[in-house]
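Following: one structure in C-alpha cells, then a few remarks.
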Amino acid sequence: MTRTLITGGLVITASDELHADVLVEGGRVVALATHGSHDWQADRVIDAAQKYVIPGGVDAHTHMEMPFGGTRASDTFETGTLAAAWGGTTTLVDFAIQPKGGSLQEGLDTWHAKADGVCAIDYAFHMIMSEVNAASLKEMDRLVESGVSSFKLFTAYPGVFLSDDGQILRAMQRAADNGALVMTHAENGLAIDVLVEQALARGERDPRHHGEVRKALLEAEATHRVIKLAQVAGAPVYVVHVSAREAVAELMRARDEGLPVYGETCPQYLFLSTDNLAEPDFEGAKYVCSTPLRPAEHQETLWRALRTNDLQVVSTDHCPFCFTGQKELGRGDFSKIPNGLPGVENRMDLLHQAVVDGHIDRRRWIDIACTAPARMFGLHPKKGTIAPGSDADLVIYDPHAEQTLSAATHHMNVDYSAYEGRRVTGRVETVLSRGSVVIDNRRHTGRAGHGVYVPRGLGHYAG
Ligand code: URP
Ligand code: ZN
Ligand code: ZN
Ligand code: ZN
C-alpha cells in the first residue's frame, strides 16, 4: 500500500487547527502527529510548510450537463469534476432528475450513465422529483436504502418542476418516515410567472428584470411555506440557494423555535449583486440564476447567518451556460435566458477570501465548505474532515498566493467567469483524492475515471 506523508502544514478542520503531519495509507488518513514526534516512513513526502492542510471541499449542489430551457449545462461530468479538483473540491453531490412520466430510478440510471467512468473526483446524487405520485413516493424508500438520501422539490418553475403543497407535504411525510432529507427550491413560481408576463408586456426584456420579478418576498413566502409543511410532516427541511434576507429571517425564526430547518447559500449571493444583472449589452445574462442575485445589502445578512449557523452550507449550484449561444437564447426576453452560473472551481478560494476579509474564521470556512455538507448529506466522516479512517481527500492550500480569477485561466467548460478580474488571496496547490494526487503543485496528474460514485447514508444534522 502506498504511503504518503504530508509534513509541516497547519491542519484545519471545522473544530481544530493544529500543526501536524498527516499520514496517508491505502487511500485513507491513518494518523496525525506533531511534526518531529514520529519516525514515519513514506513512499512520498509532501512538504506543506507555510501551507494549510484542509479537507477536500464537498460541493453539495451541482448540475453537470443539466438539460434546461432547450439546452444543457456546458460542463460534463468529466470537465466539471476536473474543474472542481483544480478548485480544491473532492466530492460533488449532483442532481439526478426524474423524467416526466418516468420513475426516479430511470432518472438515476441516466445520471449514472453520464458520470460513470469519467469523473476526476468522487460524486454522489440527490434526486429531483419532477412528479410526486404514489409510485414515486414509494420509490423514495428504495432510493434511500441505495444511497440517495435527499430529494429536491420545487415551489418554482410551473409546468416543469413545480410540486404543489400537497405533493410537497406527502414527500415530506415519506421523508419523516424513511429518514431522507427534503431539499426545497423555495420561490413562489406561480406568482413569479404572472410578474414575468406583466413585465414582458410592459416591454421589460433585459436581464435585470429577471431579478425584479423574482421578488425577495416571493422567496420568503415559499421559504415560510415549506418550513410549515415540514413542521406538519414532522420532517427536517433544507432550503437550497437562499439569497434574500427575508428568507434568512424565516429560517432564523424557525430555528429559534427549535425546528430542524437548514439552509444553504452560494458564492454568487455572497459576492455578486443586482449590479451585475444590470450590466449593459446583455452582459447581465451571465448572472441570471434562480433564486436571483439580490441588491448588495442582502450580503451582510447572509454572512451573519453563516457565522451564527442559521445557514450551514455554502454550495455552488454550479450550472454553467456559455454566454455565446446559450445565455444568448434570452436576448430580447429575459425569461428565456438559461438559469445558472458557473462556480464549482471558485468556491473554496472565494470562501478563503471571506476569511481574509474577516467575514468568517478559518474553521468556519472548512465547516461550511466541507464538514457541514458532508454531515448534512450522509457522507461524514468518510468525507469532509481530516481524521484517522477518513478518505484521504486533502488539499494543500497556499494562503499567501495571490491570483486573479478569469475565464482565461479557469478549467470550467464555459466561456466566461462570473468573477472575471477578481483578485483573491489564497490558492489550491496540491489535491489528493483517496490518497491519489490529482493536482500536484498546480499540475494535473489525475485521470478521468479516478472518481467513484459514493452511496450516501442518512444525514445527521444536529446544530
Ligand atoms: O438558476 C439555477 N439555480 N439553475 C439551476 C437549477 C436550480 O434551480 O437549482
Ligand atoms: Zn433550484
Ligand atoms: Zn440548483
Ligand atoms: Zn459524522
Would you check which residues across region 428-446 are buried (at least 19 other Cβ atoms within 10 Å of the Cβ) and touching a helix residue (DSSP H, G or I) at 6+ places or on another chain (Cβ under 9 Å) and list them? Val428, Val431, Ser433, Val438, Ile439, Gly446
Could you tell me which residue of region 293-312 is farthest from ligand 3 (Cβ to nearest atom), considering only residues that are closer than 22 Å to Pro207 by Cβ and surrounded by fewer than 22 Cβ atoms within 10 Å (Cβ to Cβ)? Glu297
Taking into account only those residues within region 333-343 that are under 11 Å from Pro207 (Cβ atoms) and touching a Lys or Arg at 6+ places or on another chain (Cβ under 8 Å), which is nearest to ligand 1 (Cβ to nearest atom)? Ile337
The number of residues in region 273-291 that are within 16 Å of ligand 3 (Cβ to nearest atom) and either under 16 Å from Leu302 (Cβ atoms) or in contact with a Leu (Cβ under 6 Å, 6 or more places away or on another chain) (or both) is 3
Which of the residues spanning region 193-214 are polar (S, T, N, Q) and surrounded by 12 or more Cβ atoms within 10 Å (Cβ to Cβ)? none
Identify, please: which residue in region 148-182 is assigned to a loop (DSSP other than H, G, I, E, B) and of a type in the set (S, T, N, Q) and is, among those, nearest to ligand 2 (Cβ to nearest atom)? Thr155
Closer than 30 Å to Gly26 by Cα and assigned to a helix (DSSP H, G or I): does that describe Asp349? yes
List the pairs whose first member sits in region 271-292 and is at positive phi and surrounded by fewer than 24 Cβ atoms within 10 Å (Cβ to Cβ), whose second member is of a type outside the set (A, V, I, L, M, F, W, C) and part of a loop (DSSP other than H, G, I, E, B), and whose Cβ atoms are under 7 Å apart, counting only residues at least 6 apart or on separate chains? Phe282/Pro207; Phe282/Arg331
Inspect all residues belonging to region 191-210 and state whether any of them is touching a strand residue (DSSP E or B) at 6+ places or on another chain (Cβ under 8 Å) and over 19 Å from Phe68 (Cα atoms). no
Could you tell me whether region 37-49 includes any residue that is touching a Ser or Thr at 6+ places or on another chain (Cβ under 8 Å), modelled with pLDDT of 95 or more, among the acidic types (Asp, Glu) and surrounded by 24 or more Cβ atoms within 10 Å (Cβ to Cβ)? no
Kindly check whether there is at least one residue in region 283-296 that is away from ligand 2 (no atom under 14 Å from the Cβ), at pLDDT 95 or above and acidic (Asp, Glu). yes
Note on region 215-233: residues in contact (Cβ under 8 Å) with a residue 60 or more places away in the chain and either over 21 Å from the mean Cα position of the chain (by Cα) or surrounded by fewer than 21 Cβ atoms within 10 Å (Cβ to Cβ) (or both) are Ala216, Arg225, Leu229, Val232, Ala233
Just one listed residue, out of Thr316, Thr371, is hydroxyl-bearing (Ser, Thr, Tyr), under 30 Å from Pro455 (Cβ atoms) and away from ligand 4 (no atom under 16 Å from the Cβ), and it is Thr316
What number of residues within region 119-147 are under 30 Å from Thr445 (Cα atoms) and either more than 16 Å from ligand 2 (Cβ to nearest atom) or acidic (Asp, Glu) (or both)? 7
Considering Thr7, Thr2, which residue is at pLDDT below 95 and either among the polar types (S, T, N, Q) or within 16 Å of the chain's Cα centre (by Cα) (or both)? Thr2
Search result, residues across region 372-387 that are touching a residue at least 12 places away in the same chain (Cβ under 8 Å) and farther than 14 Å from Val93 by Cβ: Thr385, Ile386, Ala387
How many residues, within region 142-173, are over 22 Å from Asp94 (Cβ atoms) and free of Cβ contacts under 8 Å to residues at least 60 places away in the same chain? 6
Selection status of Thr81, assigned to a strand (DSSP E or B) and either of a type outside the set (Gly, Ala, Ser) or buried (at least 17 other Cβ atoms within 10 Å of the Cβ) (or both): no
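The values are calculated or read from the model by the stated rules, or taken from the named source; none is laboratory data. Note that the coordinates shown come from a computational prediction; the quantities given were computed from them, not determined experimentally. Cβ: placed from backbone, ideal geometry, glycine included. Neighbour counts: every protein chain shown.
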